[in-house]
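Asks: Structure in structure tokens, see below.
Derivation of every value follows stated rules applied to the coordinates shown; laboratory data play no part. Keep in mind it's a predicted model, so treat the numbers as computed, not measured. Here Cβ is always computed from backbone atoms with ideal geometry, including for glycine, and neighbour counts include all displayed protein chains.
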Amino acid sequence: MAAPAALIVNGARSAVLPRGGAFAALTPHALGAPVLQELLRRAGVAAHDVDAVVLGNALGAGGNPARMLALAAGLPQRCAAFSLDTQCCSGLDAVAMACGLLASGQADVVVAGGVEAWSRAPLRLHRPLQPGALPVPYERPAFAPDPQQDPDPLESAARYALAHGIARTAQDAYALHSHQRAVAAQARLALEIVPLLGQTRDAYPRLLDARRAARMPALLKTAEFAGAGADALDCSMTALGVSAQADGAALVLLATPAACERLQLQPQARWLGASAVGHAPQTPLLAAQLAAQACMQRQGVRSAQELALIELHDAFAVQGLDFCQALGLDTQSINRHGGGLARGHPIGASAAVALVRLLNDLVQDSGVGSRGLVAVAGAGGIGTAALLERL
């Protein structure tokens, strides 16, 4: 297949901070604007050269966060703005959409990615059906029309762990390793992080040992599921094995080859292609591996072992373990400097953060190979994956 006419000039992100942390008072555009401005500075692009902003956001409850971001960052009023919500896939789907704008000739230079200010997410209420009735609060919207097909993602992951014998000890070991990698890579990660409110590093990664992990209380216990006998394998899930609620922003600057030549830009990578897929909403965590397999097949990659780098936004340790098994990978082969478990989960931005991570590692690790993959799964049984090639 012919590669889309899309080159990635540069990428940048904020630190990822836990919900209620230092970014708690920031709106999505206040969180994203400094990242966008610094991205343009790093790339050597003037604000008036940007044709469009495409932004993923999952919790903003409507409006057009991309337009708010474009105006807050000082982009020209003529700049187009597109917002999309595919939950955890939003940040990567936004970049894929931006590549479509470039390939179709609708734009020459586009900023794309995701922003999530989970701390500022609006309160949600269902409008009452009867006069005089009170609104009904809810935590999340439905992701499938049949409630039986729409379990809570945490419960879905826990049931999958039990059904496939993914023990708590294995989950804990996977998560501990993710944190260890992130802590060890702080200097490298600082290269991609834009300082904001004095925050220059992801706040969540920490060094823990297996004994402390074993003492952490379970969020969901194996014994809570019907049919799980007393002698069943302990596949309980703790907070260590779940990506924490977080605030963050991540953006990349994309341009056509002609625009790079005209503006004298030095692109870092080529966007080879992306695949978005659907899967049974009861087990959304599987959609990332299916998207990865579809993307590799489209681009003629015979196996994941051919790729130099792989970034998975692992919302659950269960997901990371199953992803590696499905693609024939050792867990050491993905998320070389920590994944979503170590950073946290700013939903609409998470996949874009993983993309910026992949881009930075491709640029920094020139000796490991030229191609990398990023993958993510979203609520409702959707997944997206993309392939990049270092230039």
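Asks: What is the distance, in nm, between label points placed 7 Å from the Cα along the Cα-to-Cβ direction at Arg302 and at Ala163?
Replies: 3.3
Asks: Taking Rh as the Kirkwood radius computed over C-alpha pairs, what is the Stokes-Einstein D of segment 300-391 at 4 °C in a medium of viscosity 1.567 mPa s, expressed in µm² per second? Working shown, then result.
Replies: Working: Rh = 13.3 Å.
The Stokes-Einstein estimate is 97 µm²/s.
Asks: What list of ³J(HN,Hα) couplings, whole Hz, do you get for segment 206-218 from phi and the Karplus terms 6.51, -1.76, 1.60, once you set θ to phi - 60° and write x for glycine and proline?
Replies: Working through the residues one at a time gives 8, 8, 10, 10, 5, 5, 5, 4, 5, 8, 5, x, 7 Hz.
Asks: Mind listing the phi-derived Karplus ³J(HN,Hα) values for segment 104-120, rounded to whole Hz, using 6.51, -1.76 and 1.60 with θ = phi - 60°, and x for any glycine or proline?
Replies: 8, x, 7, 7, 10, 9, 9, 9, 8, x, x, 9, 9, 9, 4, 4, 9
Asks: Moving to a separate point now. For the pair Ala184/Asn64, report the inter-label distance in nm, with labels modelled 7 Å from Cα in the Cβ direction.
Replies: The answer from the label model is 4.7 nm.
Asks: Now, a different point. If I stretch the segment between Ser370 and Ala25 completely, what's the gain in nm (0.36 nm per residue apart, minus their alpha carbon distance), one decimal?
Replies: Length gained between Ser370 and Ala25: 120.2 nm.
Asks: Along each principal axis of its Cα atoms, how long is the chain end to end? Whole angstroms, biggest number first, please.
Replies: 68, 62, 41
Asks: Please turn the phi angles of segment 244-249 into ³J(HN,Hα) values with the Karplus equation 6.51 cos²θ - 1.76 cosθ + 1.60 (θ = phi - 60°), one per residue in order, whole Hz, x for glycine and proline.
Replies: Per-residue couplings from phi come out as 6, 4, 7, 10, x, 9 Hz.
Asks: Which one of Pro76, Pro346, Pro122 has the biggest mean-square fluctuation once the chain is modelled by GNM with Cα springs under 10 Å?
Replies: Evaluated over the chain, the most mobile residue of the options is Pro122.
Asks: Give the calculated FRET efficiency between Ala103 and Gln130 to the nearest 0.05, with a Förster radius of 56 Å applied to their Cβ-Cβ distance.
Replies: In this case the efficiency is close to 0.65.
Asks: Given charges of +1 on the Cβ of Lys and Arg and -1 on the Cβ of Asp and Glu, with all other atoms neutral, how large is the dipole of segment 19-137 about its Cα centre, in debye to the nearest 20?
Replies: 400
Asks: Dipole of segment 211-312, Cα-centred, from +1 at each Lys and Arg C-beta and -1 at each Asp and Glu C-beta, to the nearest 20 debye?
Replies: Computed charge dipole of segment 211-312: roughly 180 debye.
Asks: Sum -39500 (n - 2.57) across every DSSP H segment of at least 4 residues in the chain, then divide by the residue count to get the 222 nm mean residue ellipticity, nearest 500.
Replies: That calculation yields -10000 deg cm²/dmol at 222 nm.
Asks: Can I ask one more? Of Ile8, Gln186, Gln293, whose Cα points farthest to the positive end of the dipole of the chain (charges on the beta-carbon: +1 Lys, Arg; -1 Asp, Glu; origin at the Cα centre)?
Replies: Gln186
Asks: If packing is taken as the average number of other Cβ atoms within 10 Å across a peptide's residues, how do 174-181, 196-203, 337-344 rank, most packed first?
Replies: Put in order of decreasing packing, that is 337-344, 174-181, 196-203.
Asks: Pairs of alpha-carbon atoms within less than 8 angstrom and 6+ residues apart define the contacts here; what relative contact order does the chain have, in percent?
Replies: RCO, the chain: 27 percent.
Asks: Here is a further query. Which helices of the chain meet both criteria: a Cα extent of 18 Å or more along the helical axis and a mean Kyte-Doolittle score no lower than -1.0, with helices taken as whole DSSP H segments?
Replies: 28-43, 90-103, 168-184, 347-364
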